[in-house]
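Here is the structure we will look at.
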Amino acid sequence: MTTVRPPTTPLRKSALGAGLIGLLCSPLLAALPAAGAVPEAPDATAAPKAPGDAMAAAPYEYLGWGSPQKPTDVMAATGVKWFTLAFILSDGGCNPKWDGSRALKGGSDESAIKSIRAAGGDIVVSVGGWSGAKLGEKCSSASALAGAYQKVIDAYKLKAFDIDIENTEFGSATVRQRVVDALKIVEQKNPGIVTYITMGTTPNGPDATGKDLIKRGADAGLAADAWVVMPFDFGGHSGTMGQASVSALEGLKNSVKSAYGYGDSVAYRHIGVSSMNGKTDEAGETVTQGDFKTILNYAKQHHIARYAFWSVNRDRSCGSGGDADACSGVSQSPYAYTKIVAQYGG
């Protein structure tokens, strides 16, 4: 099995000064256990939440890097209504800021969010990414981490929240458990909020670390709306990137099914995908519009929870010496990939 290799170039980074870089049908879970009790497994027969429709297609845009387009221009050109805005990081302590530096309130990020909502759209906020100081590591306890997440939720009255867990956050068992426990607190304090956990993958689905993260969520009774994989930067794969993405999603479905005890149809409704448009961080690895259509057909067939991609900023051709954070590296019309994703409705 190919070893998962999360992105390592500026294409999907979130450190200061580097490129910034997971619906919606979730069964109602059994009541959370009392302190010290063994967590109960989620009820796989319970009715799922109502579909999120436009929320299911929420491509990433990062507003601090990569010559970001005005979100309202993207909405007008593509029909997309939701964006996943990235990334929230630590400011050096257990305190959230955009890219670790920009305040939650009063700045350009809040102005962009207001403009999206005024145009009839909404946002998912993503915490994490590949690089930069991570809240999961800087916050010393699950309760402190949940408090940091809550600041973001309260700042924008969020309906949906994404944890993009990569690199050292992903690799630490202690931090993985802390993130799971913090998200459980968030779900308790914010009834109805949609939660995603996004991570890297192999062409066959999550690696051992990813499977461990999902199992920790199930064991804790975490009612995640979707476990989401990023099917790119494989380090080698067979077939097209669309076929490899479908294979990764099938592996993810099986992991979620096994951990939570879901049937197939419920498991599909608790998985999602966050692809990458055009040339990826891997030499020779390119995700075409045809690959996006393969993923779209799979998503429609199985009613998966989420179809996103990295990123709107890159959804255009490159000029001479183009910035890889601001263009796809392939010949395309503007927003060609976003227009495909916008066709997905859950």
Criterion: farther than 16 Å from residue 60 by Cβ and either modelled with pLDDT of 95 or more or touching a helix residue (DSSP H, G or I) at 6+ places or on another chain (Cβ under 9 Å) (or both) - qualifying residue of 308, 326, 248: 248
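Would you pick out the residues in region 83-118 that are touching a Pro at 6+ places or on another chain (Cβ under 8 Å) and either of a type in the set (A, V, I, L, M, F, W, C) or open to solvent by 50 Å² or more (accessible area, probe 1.4 Å) (or both)?
Of everything in region 83-118, those that are touching a Pro at 6+ places or on another chain (Cβ under 8 Å) and either of a type in the set (A, V, I, L, M, F, W, C) or open to solvent by 50 Å² or more (accessible area, probe 1.4 Å) (or both) turn out to be 83, 88, 89, 104, 112, 116.
Check region 245-254 and report whether any residue there is out of contact with any strand residue (DSSP E or B) (no Cβ under 8 Å at 6 or more places or on another chain), surrounded by 24 or more Cβ atoms within 10 Å (Cβ to Cβ), outside any strand (DSSP E or B) and not charged (D, E, K, R).
Within region 245-254, not a single residue is out of contact with any strand residue (DSSP E or B) (no Cβ under 8 Å at 6 or more places or on another chain), surrounded by 24 or more Cβ atoms within 10 Å (Cβ to Cβ), outside any strand (DSSP E or B) and not charged (D, E, K, R).
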Some residue of region 307-329 being within 19 Å of residue 76 (Cβ to Cβ), assigned to a loop (DSSP other than H, G, I, E, B) and open to solvent by less than 40 Å² (accessible area, probe 1.4 Å): yes
Top-ranked residue of region 270-301 - restricted to ones that are in contact with a Leu (Cβ under 8 Å, 6 or more places away or on another chain) and of a type outside the set (A, V, I, L, M, F, W, C), ranked as farthest from residue 202 (Cα to Cα): 298
Which numbered condition residue 180 fails, given (1) assigned to a strand (DSSP E or B); (2) in contact with a Gly (Cβ under 7 Å, 6 or more places away or on another chain): (1)
Any hit, region 287-296, residues being assigned to a strand (DSSP E or B), surrounded by 19 or more Cβ atoms within 10 Å (Cβ to Cβ) and touching a strand residue (DSSP E or B) at 6+ places or on another chain (Cβ under 8 Å): yes
Residue 65 being among the aromatic types (Phe, Trp, Tyr), modelled with pLDDT under 95 and open to solvent by 10 Å² or more (accessible area, probe 1.4 Å): yes
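The values are calculated or read from the model by the stated rules, or taken from the named source; none is laboratory data. The shown structure was predicted, so the numbers you read here are calculated from the model rather than taken from an experiment. Don't worry about glycine lacking a Cβ; one is built from the backbone with ideal geometry, like all the others, and counts go over all protein chains shown. Accessible surface is based on the protein model in full, side chains and every heavy atom, while ligands, DNA and RNA are left aside. Shrake-Rupley method; radii C 1.70, N 1.55, O 1.52, S 1.80 Å.
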